[in-house]
1. Give the residues of segment B:63-90 that are open to solvent by 10 Å² or more (accessible area, probe 1.4 Å), in a loop (DSSP other than H, G, I, E, B) and facing chain A (nearest Cβ under 7 Å), sorted by residue number.
2. Name, by its number, the condition in (1) open to solvent by 20 Å² or more (accessible area, probe 1.4 Å); (2) within 8 Å of chain A (Cβ to nearest Cβ); (3) of a type in the set (Asp, Glu) that does not hold for B:Glu113.
3. Looking only at segment A:306-338, filter to residues that are touching a residue at least 60 places away in the same chain (Cβ under 8 Å), outside any helix (DSSP H, G or I) and not small (Gly, Ala, Ser); which one of those is most open to solvent (accessible area, probe 1.4 Å)?
4. Within segment B:96-125, which residues are assigned to a loop (DSSP other than H, G, I, E, B) and within 23 Å of B:Glu175 (Cβ to Cβ)?
5. Name the pairs: first residue in segment A:122-148 and without any contact (Cβ under 8 Å) to a residue 24 or more places away in the chain, second residue assigned to a loop (DSSP other than H, G, I, E, B) and open to solvent by 70 Å² or more (accessible area, probe 1.4 Å), Cβ to Cβ under 8 Å, at least 6 apart or on different chains?
6. Is it the case, given these coordinates, that A:Gly281 is over 30 Å from A:Val249 (Cα atoms), in a helix (DSSP H, G or I) and in contact with a helix residue (DSSP H, G or I) (Cβ under 9 Å, 6 or more places away or on another chain)?
7. If a residue must be in a strand (DSSP E or B), of a type outside the set (Gly, Ala, Ser) and at negative phi, how many such residues does segment B:1-21 contain?
8. State which residue pairs qualify: first residue more than 9 Å from every other protein chain (Cβ to nearest Cβ) and inside segment A:41-61, second residue assigned to a helix (DSSP H, G or I) and among the β-branched types (Val, Ile, Thr) in any location, beta carbons under 7 Å apart, and separation of 6 or more residues or different chains.
Amino acid sequence: MVRPQATRKRPPAPKRDRGARPNRRRAPRKAREPRTGSGGIVTWLSRHAQSLVGSLGRLARHPLNTGMTMAVIGIALALPALLHLSVTNIRALSGQWRDSVELSVYLEHGRSEDEARSLAAALERRPDVMETQVVTADEALGQFRAASGFGPALDALEDNPLPHLVTVRPEENHTTADAVAALAAVAGDMAGVAEVRADTDWVRRLHGMLDVGRRLVMLAVIVLAVSILLIVGNTIRLDIQNRSQEIEVQKLVGASNGFIRRPFLYSGAWYGLGGGLLALGIVQAALWALSGPVARLAGLYGSDFRLAGLKPEDALLLVGGGAALGWLGSGIAAARNMRRIEPGRSE
Amino acid sequence: MIRFQQVSKRYPGSGDALSELTLEVDAGEMVFLTGHSGAGKSTLLKLIALIERPTRGQVLINNRNTSGVSRRAIPGFRRDLGIVFQDHKLLQDRTVFDNVGLPLVIAGLRRKEVGKRVRAALDQVGLLDKEGSMPLALSTGEQQRIGIARAVVAKPPLVIADEPTGNLDPDLSLEIMNLFCRFNEVGTTILIASHDLALIERLGRRRVELKDGRLAADSHGPSPGHA
């Protein structure tokens, strides 16, 4: 019977200042003190592991509430992720189109096919030109006849109304709108050239739209991150209220705020992690649903474009960001609400 | 162990719950605190547990002035204190083992050590076989014994109890008080607020009576011995 109290005989002096270090583990016995170094870390880790598993178990006991909270977070995270994917894919697509920027150099009427070929050769010698192609008036007419279905009407024409055409593909690093415009100016000054067309406006507009899109993704990330903080914060706040008695008892037996807060922080992180995984699932499902039709559509345009998915680091950011936001949200809620629960206040 | 020096406590909107109270309890003593409800018993205990702070005067616990204990230091301070409540304040969703072990887990003891000490404490209150039960499955008297086991498991030098037998019939009350006596015999200082005068009489320990927040009587009973 006396056994557990045998240690009472320790000197009282070291006990007096122990209160000043509330977070230090209390050495149960003098003889154990040299082991607090490594033992402290092991204990600390095992305490965290306990909270980690314990909080998960608590969430699992209320699957409906937990699932709904995670679903809301998941949808909130999926939205900016999908927006981000849209923007990246459109950018990739526009990159493909930019490669196909072409100048159309129309020769004056009456210029011969040879003149067209020498013009093409002159242009091709330039360093900013990758290749040229001559489309003679006859070829052009043939193509037009085949494509338009105006065959009989064209037959009524005495002369071929079409000029010879040289198409020019700029070198890959000369496809910016400015470089293309410069090249067009040079070609326009060459002898026998009637007109040069280089339609780069749509490329500029597309890039402008993509910039807007990227800004939208950023705004969506901020707005939805705040909403996740609020969602998790509110859930944890209710949780803290429901468990106020437990918190009070813990405080009465000497638990520090950190100790009491820990399981709530882990709950928040679990909510965020679950939401992040769900968001990843939503994104993958959307990609899966869209990839077929997109590939078919690309095929119709003669492109081998395929929808790009989330990169591994993006996926990690999504899930990790969710967990971090959950942790932060619960931390804010815990700091705000736990202080109000003090023993004696309720009486 | 406990020293009150001219302590007054005034709650906003009411009179003094304690006024100019001076009281000393030595280490190893077992003291009963009596008085009508509203006499200041609970307030006195709350001042010891730092649930409340005195309006005037000083409270020293274990030679330490409580006015020097900052908010952040309160948890560490409470770990050297065992508290028993009238309604035992057990966590209903945790087992008896987890309830009793809570102060040790908070103090950061290892699992093995926690298990050893929890079983020793449960053994002392005679409920070793209930460690896996939920508190609600136990009788009121058993729940109170679990509450006591939790208060003493970390071997605090001082245990305070607020009406620990308030909800119990006389036989169970005596059993609980005997339990406190046993812990006192091995050196724990014990302060119990109670209005069960007949029972206190029987135990023959020191009795401090409060009236309107003042010391009304202080009878030094026989020094610690068997009841």
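1. Listed by number, the residues that qualify are B:Asn63, B:Arg79, B:Asp80, B:Lys89.
2. Every condition holds for B:Glu113 apart from (1).
3. A:Leu307
4. Listed by number, the list holds a single entry, B:Val125.
5. A:Phe144/A:Phe150
6. Details: over 30 Å from A:Val249 (Cα atoms): yes; in a helix (DSSP H, G or I): yes; in contact with a helix residue (DSSP H, G or I) (Cβ under 9 Å, 6 or more places away or on another chain): yes.
Considered against the rule, which asks whether it is over 30 Å from A:Val249 (Cα atoms), in a helix (DSSP H, G or I) and in contact with a helix residue (DSSP H, G or I) (Cβ under 9 Å, 6 or more places away or on another chain), A:Gly281 comes out as yes.
7. Of the residues in that region, 10 qualify.
8. Hits for this filter: A:Leu59/A:Thr66.
The values are calculated or read from the model by the stated rules, or taken from the named source; none is laboratory data. Because the structure is predicted, anything quoted here is derived from the model rather than measured. Don't worry about glycine lacking a Cβ; one is built from the backbone with ideal geometry, like all the others, and counts go over all protein chains shown. Ligands, DNA and RNA are excluded from the accessible area calculation, which covers all protein heavy atoms including side chains. Shrake-Rupley method; radii C 1.70, N 1.55, O 1.52, S 1.80 Å.
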